[in-house]
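Take a look at the structure set out below.
The values are calculated or read from the model by the stated rules, or taken from the named source; none is laboratory data. Treat the numbers as computed from the prediction; the structure is a model and nothing was measured. Here the Cβ is made from the backbone with ideal geometry for all residues, glycine too, and neighbour counts use every protein chain on show.
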Amino acid sequence: MCTRLVTAAARFAGDREIGFAAYQELDPADFDRLGVTRAQCEARLRFRSLRGRWRGGALAVNAFVWAAAPRGWRGLLARALAAAFTLLPPLLLLEMLAYEVVARNRGCSAPAASADSGPGAHPG
């Protein structure tokens, strides 16, 4: 996640016990500990479930919404949409295409690392 998305995701999750991290702020040891690479995080949004399973891209969005939706009736609609977009192939395909368009045209608040920054170096 980029820094702006971390803020928005934390606001959506409210009091749910979900940790967020902007990959630009992680040390190389953090990537190793989490079992994901910096390149994977730069390529697409990453979400790790409590069971340790990683999801990326549109599936990460769905997994996050399912896990972070408010409890009770307020979260029912969000969970229903996440389930529909995960379980119905036409909706999932549409979501994946939309995710790719957004991902290719996104702007993040942190600048990209230069080639000579070294592995895992923080940008900026």
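Quick notes on this one:
- Among the residues of region 1-28, the ones that are closer than 15 Å to residue 41 by Cβ and of a type outside the set (Val, Ile, Thr) come to 15 in all.
- With respect to (1) of a type in the set (A, V, I, L, M); (2) surrounded by 13 or more Cβ atoms within 10 Å (Cβ to Cβ); (3) out of contact with any Leu (no Cβ under 9 Å at 6 or more places or on another chain); (4) modelled with pLDDT of 90 or more, the lone exception for residue 113 is condition (4).
- Scanning region 17-64 for residues that are free of Cβ contacts under 8 Å to residues at least 40 places away in the same chain and of a type in the set (Val, Ile, Thr), we see that the one that is nearest to residue 89 (Cα to Cα) is 61.
- Qualifying positions in region 41-54 - out of contact with any Lys or Arg (no Cβ under 7 Å at 6 or more places or on another chain) and closer than 15 Å to residue 19 by Cα: 45, 46, 48, 49, 50, 51, 52, 53
- Residue 67 of a type in the set (A, V, I, L, M, F, W, C), in contact with a Cys (Cβ under 7 Å, 6 or more places away or on another chain) and touching a residue at least 24 places away in the same chain (Cβ under 8 Å): no
- Output for region 39-49, where each listed residue is loosely packed, with under 15 Cβ neighbours inside 10 Å and part of a loop (DSSP other than H, G, I, E, B): 49
- In this structure, residue 83 does not satisfy being modelled with pLDDT of 85 or more, among the small types (Gly, Ala, Ser) and in contact with a Gly (Cβ under 6 Å, 6 or more places away or on another chain).
- Residue that is surrounded by fewer than 14 Cβ atoms within 10 Å (Cβ to Cβ), at positive phi and either at pLDDT below 90 or assigned to a loop (DSSP other than H, G, I, E, B) (or both), where the choices are 107, 52: 52
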